[in-house]
Amino acid sequence: MKKTSLAIAVSAVCFGISLSAQAANISIACGGVGKELLLCKTHAGAWAKKNDHTVTIVDMPKLVTDQLALHQLNSRNNRAVADVIQVDVIWPSLLADDFIDLSDYVDEETLNQHFEAIVAVNQVNGQLVGIPWFTDLGILLYRKDLLNKYQLPVPTTWTELESTAKKIQKKERLAGNSKMWGFVWQGKASEGLTCNALEWISSYRGGTLMTQQGQSTVYNPPAIKAINRAADWIGTLSPPEVLTYSEAEAREQFEQGYAVFMRHWPRAWHLSQLVESLKGYVGVSVLPKGGSSGQHTSTLGGWQLSVSKYSKHPDIAADLVRYLTSQSVQKDRAMEGSYLPTIKALYQDQEVLKKFPFFSELGSILENNTMVVRPSNVTGKQYDKVSRAFWNAVHSVLSGKANARDSLKILSGKLEQLKSE
Ligand code: GLC
């Protein structure tokens, strides 16, 4: 995998005293795309300037699954890609052995500012291996202008979404927008599909991949129905290529004006508003329910910052983590990039709510813990195998190679087997 690094030039402010003996270069592996990279550079650069250090931003692969593989490869070779590492909410248990315990660097009061469930993910074997940076919840983005044009409401069930998506797709194609599709999402065989499919299943109250007690409850009629339903979308309201879409490809389709609805994460709203033709035309809603007895659900995503145990400057790296996860930086990231904060108070911040009214609903989901949490803590080091087995099972149904009943049954057996490994 090709790795490049980009050094940020930082001018040292010495106030007549030489601090060069303490000055350090701290590398950080943060999000590698557009605004995410820019915000990381800006904030890490500001910290470096203030503290007379320098920072190097390490370029990372775009796909979460590839990033994890890179961290695991480094771990096997007793090294790390950087001093500070941006860590997916599902990784702390997988990578805990490679990180330092941050308990000594952050006080109780500061930690209590964050949502408890997110802090809990970072507590592995009694150690605090990461500090929450931003969170993610699956949302539905929709074209307000098109719903208005055809006088259709925002769908609240999958049945309504299907009918609205098909109607608008058909009418828009007739009107000359031949590339229009109804609904795009993340269907590539990777972690993004795990997030999407868990939402479909949970929206029908169809059990889960693994309960906190280590029980897989995913082989049941509502789950089968949910996966079959998604398979019916392929080629009817979702493009066949959706089976190769990760977050980036789904966004591309939506931003080019070729989709009515998109399942994504909150930051996609901000990015859509950078597209001139979509300015003011994109709405956000919770994901549809699986029928009247179903529920609105969202998979919990999000990212933490950890310090590598291979860092030569763990104290200084921890200081950078403290700064980047602070309320002021989280607020800035929310305002500038619609990144969901992990600090509760920011969901009451009038400036934030004025700019992003939809944060209030997402804040209640986080407060009430009603999101779908992937079973990374309960499966520990097995999580990537569990998730891989799940996304492959779902992908084979979506691509017409298997039926949902058989596929979920085989998956259940595999999950049982993994437990005993
Ligand atoms: C988002 C989420 C992350 C998830 C990933 C899947 O980045 O924040 O938790 O694993 O998408 O693609």
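The values are calculated or read from the model by the stated rules, or taken from the named source; none is laboratory data. Fair warning: this is a prediction, and the values are worked out from it, not measured in the lab. Counting neighbours? That spans all protein chains shown, and the Cβs are built from the backbone with ideal geometry, glycine included.
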When the residues of the stretch 80-115 are filtered to those that are within 16 Å of the ligand (Cβ to nearest atom) and aromatic (Phe, Trp, Tyr), which remaining residue is farthest from LYS381 (Cα to Cα)?
PHE115
Could you check, for the stretch 126-149, whether at least one of its residues is free of Cβ contacts under 8 Å to residues at least 12 places away in the same chain and not assigned by TED's automatic domain parsing to the domain that holds LEU287?
yes
Quick check: anything in the stretch 398-409 aliphatic (A, V, I, L, M), crowded, with 21+ Cβ neighbours inside 10 Å, free of Cβ contacts under 8 Å to residues at least 40 places away in the same chain and outside the structural domain of VAL129 (by TED's automatic domain parsing)?
no
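Among what's in the stretch 177-230 and is assigned to a helix (DSSP H, G or I) and more than 22 Å from the chain's Cα centre (by Cα), pick the residue that is farthest from the ligand (Cβ to nearest atom).
So the residue we want is PRO221.
Out of all the residues in the stretch 223-242, is one or more buried (at least 21 other Cβ atoms within 10 Å of the Cβ) and in contact with a Pro (Cβ under 9 Å, 6 or more places away or on another chain)?
So far as the stretch 223-242 goes, no, none of its residues is buried (at least 21 other Cβ atoms within 10 Å of the Cβ) and in contact with a Pro (Cβ under 9 Å, 6 or more places away or on another chain).
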In the stretch 259-280, what count of residues is obtained for those that are touching a strand residue (DSSP E or B) at 6+ places or on another chain (Cβ under 6 Å) and either more than 16 Å from the ligand (Cβ to nearest atom) or closer than 20 Å to ILE224 by Cβ (or both)?
4
Pair list, Cβ < 9 Å and 6+ apart or interchain, from the stretch 251-262 residues that are farther than 22 Å from LEU63 by Cα to residues that are acidic (Asp, Glu) and crowded, with 17+ Cβ neighbours inside 10 Å:
VAL260/GLU172
Within the stretch 105-128, identify whether any single residue is under 23 Å from ILE26 (Cβ atoms) and among the small types (Gly, Ala, Ser), and answer yes or no.
no
The condition of being of a type outside the set (D, E, K, R) and either within 15 Å of the ligand (Cβ to nearest atom) or part of a helix (DSSP H, G or I) (or both) holds, among LEU161, LEU152, only for LEU161
Pairs needed: first member in the stretch 52-68, assigned by TED's automatic domain parsing to the domain that holds ALA317 and within 15 Å of SER387 (Cα to Cα); second member anywhere, among the charged types (D, E, K, R) and near the ligand (Cβ under 10 Å from one of its atoms); C-beta distance under 7 Å; at least 6 residues apart or different chains.
VAL64/ASP88; VAL64/GLU191; THR65/GLU191
Only one of (1) touching a helix residue (DSSP H, G or I) at 6+ places or on another chain (Cβ under 7 Å); (2) without any contact (Cβ under 8 Å) to a residue 40 or more places away in the chain; (3) not basic (Lys, Arg) fails for ALA231. Which number is that?
(2)
